[in-house]
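Written out below as structure tokens is the structure these notes cover.
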Amino acid sequence: MILRPRREDVLSIGYYLGRIIIALGLVMLLPALFALIIGEKNPAMDFLIAVEISLVLGLTLAQICRTDKDLNWMQGMVVVSLSWIVAALLGALPFYLSGHWNSYLDACFDAMSGFATTGLILVQDLDHLSLTHNLWRHLIMFIGGQGIVIVALSFFIRGLSGAFTMYVGEGRDERILPNVIQTSRFIWLVSLVYFILGVVSLGITGMLLGLKPFSAFFQGACIFMAAFDIGGFTPHSQNILYYHSFAFELITVMIMIVGALNFKLHYCLWMGRRTEIFKNIETRGLFISIIVLFVIVGASLGGLQIYPEAAMLFRKGFYQLISAHTGTGFQTIYPAQFFGEWNQLAIIGVIFAMGLGGAVCSTTGAIKMLRLGIIYKALLEDVKRIILPEKAVIMQKYHHIKDMLLDDRQVRSALLITLSYLAIYIFGACAGVYFGYPVLNSLFESTSAAANVGLSCGITNAGMPAALKLIYILQMWAGRLEFMSIFTLIGFFIAAIRGK
Amino acid sequence: MLYKCKARSSKRKIKAQSSKSKVKNLKLLVLGLSFALCVLHFTFAYAQAVTGRDLIDNATEYNGKIILFEGEVIGDIMIRGEHAWINVSDGDTAIGIWTEKKLTEGLTHTGGYNSKGDWIRINGIFSRACGEHSGELDIHAQSIKLLNSGGIIQEGLNLGKRNIALVLLGALCLSVILQAYIKISSRRQKV
């Protein structure tokens with residue numbers, strides 16, 4: 001029997017959703033202040049309007065649904081999944097007001113793409129967009145990469161014992177420190193330290209490349225936020241091609257790899273356990289996967305003599321592969337060049353890289369290395385079971401921060417999420433084919449959206465069908481939250497309709 | 001009679017000569033035309049500026065050829081020693097232009113939020129995967145012509161947005177006051 005959600009459930013969900021909206025509104029004050037400082041009047045108005053709408057909505061919702069009760073598991077999951085939709089709807093307001101997006105749907109697409117750290121864009125005339133709107137585009141990637149709820153938990157919501165449910169709901173199932181709030185703050189600390197290092201190195205490099213100091217550091221900050229949080233937005237329409245620099249590309253490669261590593265691994269490295277990077281199942285898996293896929297991509301591109309020199313192969317082939325594997329979506333080739341110049345095997349290699357992703361508890365999307373490692377170990381265990389005598393005791397171990405025994409629950413969870421990702425990749429590809437795009441192109445774009453990568457072969461543009469835009473928005477949302485909170489939200493609505 | 005015959009034969013000769021010369025002229029014309037077509041092939045083919053999208057979609061066809069590309073200078077002029085990189089957008093696609101530094105000296109405005117960049121025409125060699133720049137799709141400029149000078153865009157405050165912001169500010173103040181009132185009254189009730 002399905003139980004209909006009670007009034008208290010709705011009140012708790014509404015109350016915490018209201019508080020998260022207030023937090024989002026306060027965050028939007030940052031670009032509003034920035035606009036006032038640099039004298040961009042109309043962008044300042046766009047953000048003031050968005051802040052006011054968010055605060056009025058958040059305050060009203062929190063007041064109507066006021067409750068002292070803590071969140072239970074189901075409520076937490078529903079709050080998380082709804083928060084991301086509301087964040088995209090409200091975050092899109094300044095975009096839409098700027099006039100650079102053709103419709104509110106397009107603005108919502110880019111807002112969801114930003115929050116989910118995907119990087120697919122529908123913005124028009126990006127090269128003339130204000131600095132303030134560009135700051136917001138990249139800031140939402142930074143916020144989304146850490147987790148919208150984590151931002152709220154870290155700075156705006158205190159003393160919430162049900163925080164762990166929301167933390168898990170945002171696709172993170174590992175606590176670095178015993179307390180979720182402490183974990184969130186540690187994630188922010190790591191991010192801020194890398195932010196300073198990244199912005200300084202990109203800023204100085206930018207100046208050496210011929211950018212003016214303010215422009216170099218502003219663009220450095222934007223590129224860092226997009227690279228570390230594996231987003232893929234850039235302030236210019238040419239993406240990373242704009243900079244025409246190998247050094248700049250090399251720095252972004254390093255930041256992308258750092259962003260694709262588990263925050264728990266960062267914690268170990270900070271604590272001096274440097275050997276962990278070589279022993280961890282995720283980093284090993286990532287390393288092997290990158291090598292295997294680069295052999296495939298490199299061999300197919302090299303065979304066609306598309307990039308006859310090693311430096312070309314690195315800057316075009318390897319860069320796209322790393323960008324895909326880490327889920328960033330930075331491009332050093334134009335979207336049309338994928339299918340115009342690359343052969344199908346190289347493209348399949350990139351699709352695999354996008355679909356696999358980086359580490360769990362990082363800012364990357366997709367299936368992720370730990371799950372693949374667990375599935376691989378489970379397969380080994382089953383093979384051993386067949387080969388070895390029946391009485392043999394078989395225990396499969398793997399190393400992830402510490403030595404762990406493989407259990408069926410982990411395998412089931414890893415398989416469930418992996419199958420969900422595969423299903424959503426195929427679903428998006430079928431939708432693309434339905435709207436008249438070729439199969440491989442559709443699979444490429446669908447995987448890019450669902451795995452929150454952002455590489456595009458050209459399907460994503462303002463002229464594509466509105467239904468496909470909606471499907472990609474759903475894919476980005478589901479892919480970022482890793483399904484559990486979405487399943488809970490669907491269950492919540494079913495229970496509200498059919499429950500007793 | 002003999003005179004008449006001679007006259008006829010000379011007329012025939014003249015006719016034959018004139019038809020021969022006509023054939024010759026025609027041959028010369030054909031040769032001249034085909035020569036002109038061969039020699040002036042590039043000028044005819046790319047006398048008009050190509051678009052960025054066309055260049056990318058047909059990169060192999062244009063590779064290594066001299067092309068004309070028109071667009072707005074956007075972003076930054078990045079000086080690299082005696083050369084410079086500029087990015088030029090035709091309104092749809094932006095392409096990197098590698099040029100001698102001196103060719104950029106006439107450029108005064110680059111496109112951004114508050115500025116409209118100079119509109120220029122580049123005559124240069126297009127590369128699908130430039131050997132000098134590790135595989136970049138770029139144009140090496142031979143000449144740059146300034147077609148339209150850009151300028152600063154004066155930004156006026158949008159009054160509609162200002163009015164909406166003011167109305168919403170009022171609504172926000174109301175909701176804050178209402179919330180404070182509810183809090184105070186609930187505290188009083190508890191007391």
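See the values below:
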read-out: Residue match in the stretch A:306-318 (condition: over 25 Å from A:Gly119 (Cα atoms), touching a residue at least 12 places away in the same chain (Cβ under 8 Å), assigned by TED's automatic domain parsing to the domain that holds A:His236 and aliphatic (A, V, I, L, M)); value: yes
read-out: Qualifying residues in the stretch B:93-103 (those that are within 9 Å of the chain's Cα centre (by Cα) and part of a strand (DSSP E or B)) - the one farthest from the other protein chains (Cβ to nearest Cβ); value: B:Ile95
read-out: A:Ala478, sole failed condition from (1) assigned by TED's automatic domain parsing to the domain that holds A:Tyr319; (2) within 22 Å of the chain's Cα centre (by Cα); (3) small (Gly, Ala, Ser); value: (1)
read-out: Of residues in the stretch A:136-163 being in a loop (DSSP other than H, G, I, E, B) and of a type outside the set (Val, Ile, Thr), the one modelled with the highest pLDDT; value: A:Gly147
read-out: Filter result for A:Ile240 (under 14 Å from A:Phe142 (Cβ atoms) and within 14 Å of chain B (Cβ to nearest Cβ)); value: no
read-out: Test set (1) more than 14 Å from chain B (Cβ to nearest Cβ); (2) not in a helix (DSSP H, G or I); (3) not basic (Lys, Arg) - A:Asp106 fails condition number; value: (2)
read-out: Unmet requirement for B:Asp90, which otherwise passes all of (1) within 14 Å of chain A (Cβ to nearest Cβ); (2) over 24 Å from A:Ser130 (Cα atoms); value: (2)
read-out: Subset of the stretch A:342-386 [small (Gly, Ala, Ser) and outside any helix (DSSP H, G or I)]; value: A:Gly357, A:Gly358, A:Ala359, A:Ser362, A:Gly365, A:Ala366
read-out: Selection from the stretch B:104-119 of residues that are part of a loop (DSSP other than H, G, I, E, B) and either among the basic types (Lys, Arg) or touching a residue at least 60 places away in the same chain (Cβ under 8 Å) (or both); value: none
read-out: Helices (runs of 4 or more DSSP H) lying entirely in the stretch A:241-289 (those with 3 or more residues that are more than 28 Å from B:His133 (Cα to Cα), out of contact with any strand residue (DSSP E or B) (no Cβ under 6 Å at 6 or more places or on another chain) and assigned by TED's automatic domain parsing to the domain that holds A:Ser184); value: A:263-270, A:276-279
read-out: Within the stretch A:44-80, tally of residues that are crowded, with 22+ Cβ neighbours inside 10 Å, assigned to a helix (DSSP H, G or I) and more than 8 Å from chain B (Cβ to nearest Cβ); value: 12
read-out: Qualifying residue in the stretch A:260-269 (condition: of a type in the set (A, V, I, L, M), farther than 25 Å from A:Gly147 by Cβ and either touching a Pro at 6+ places or on another chain (Cβ under 9 Å) or surrounded by fewer than 18 Cβ atoms within 10 Å (Cβ to Cβ) (or both)); value: no
read-out: Odd one out for A:Phe217 among (1) away from every other protein chain (no Cβ under 14 Å); (2) over 25 Å from A:Ala353 (Cβ atoms); (3) more than 20 Å from the chain's Cα centre (by Cα); value: (1)
read-out: Selection within the stretch A:178-196 - more than 17 Å from A:His138 (Cβ to Cβ) and among the hydrophobic types (A, V, I, L, M, F, W, C); value: A:Val180, A:Ile181, A:Phe186, A:Ile187, A:Leu189, A:Val190, A:Val193
read-out: Scan of the stretch B:130-164 for residues that are assigned to a strand (DSSP E or B), without any contact (Cβ under 8 Å) to a residue 40 or more places away in the chain and touching an Asp or Glu at 6+ places or on another chain (Cβ under 8 Å), ordered by number; value: B:Cys130, B:Asn148
read-out: Residue count, the stretch A:312-330 (criterion: touching a Gly at 6+ places or on another chain (Cβ under 8 Å) and either closer than 17 Å to A:Ile255 by Cα or modelled with pLDDT under 90 (or both)); value: 10
read-out: Subset tally (residues that are of a type in the set (D, E, K, R) and under 15 Å from A:Tyr242 (Cβ atoms)) for the stretch A:211-229; value: 1
read-out: B:Ala84 part of a strand (DSSP E or B), closer than 29 Å to A:Pro213 by Cβ and at the interface with chain A (Cβ under 8 Å from one of its Cβ atoms); value: yes
read-out: A:Gly358 being at pLDDT 95 or above and among the small types (Gly, Ala, Ser); value: no
read-out: Options A:Thr363, A:Thr418: the member that is of a type in the set (Val, Ile, Thr), touching a residue at least 60 places away in the same chain (Cβ under 8 Å) and in the same structural domain as A:Phe444 (by TED's automatic domain parsing); value: A:Thr363
read-out: Tabulated pairs, the stretch B:58-84, first under 18 Å from B:Gly131 (Cβ atoms), second in a strand (DSSP E or B) and hydroxyl-bearing (Ser, Thr, Tyr), C-beta under 8 angstrom, 6+ apart or interchain; value: B:Asn63/B:Ser127; B:Gly64/B:Ser127; B:His83/B:Thr99
read-out: Number of the exception - A:Tyr96 against (1) at pLDDT 95 or above; (2) among the hydroxyl-bearing types (Ser, Thr, Tyr); (3) closer than 13 Å to A:Leu139 by Cα; value: (3)
read-out: A:Thr132 vs. criteria among the polar types (S, T, N, Q), over 28 Å from A:Cys65 (Cβ atoms) and at pLDDT below 95; value: no
read-out: Sole exception among (1) within 14 Å of another protein chain (Cβ to nearest Cβ); (2) over 25 Å from A:Leu202 (Cβ atoms) for A:Gly303, by number; value: (1)
read-out: Sole exception among (1) within 11 Å of chain A (Cβ to nearest Cβ); (2) of a type in the set (Val, Ile, Thr); (3) surrounded by 17 or more Cβ atoms within 10 Å (Cβ to Cβ) for B:Val50, by number; value: (1)
read-out: Conditions (1) within 14 Å of another protein chain (Cβ to nearest Cβ); (2) assigned to a helix (DSSP H, G or I); (3) over 27 Å from A:Ile471 (Cβ atoms): number failed by A:His133; value: (3)
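The rows are residues; the columns are (1) of a type in the set (S, T, N, Q); (2) at pLDDT 90 or above.
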| residue | (1), (2) |
| --- | --- |
| A:Pro389 | no, no |
| A:Ile394 | no, no |
| A:Tyr398 | no, no |
| A:Leu416 | no, yes |
| A:Tyr425 | no, yes |
| A:Asn441 | yes, yes |
| A:Glu445 | no, yes |
| A:Ser448 | yes, yes |
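The values are calculated or read from the model by the stated rules, or taken from the named source; none is laboratory data. Model, not experiment: these values are computed from the prediction. Quick reminder, even Gly has a Cβ in these numbers, built from the backbone with ideal geometry, and neighbours come from all protein chains shown.
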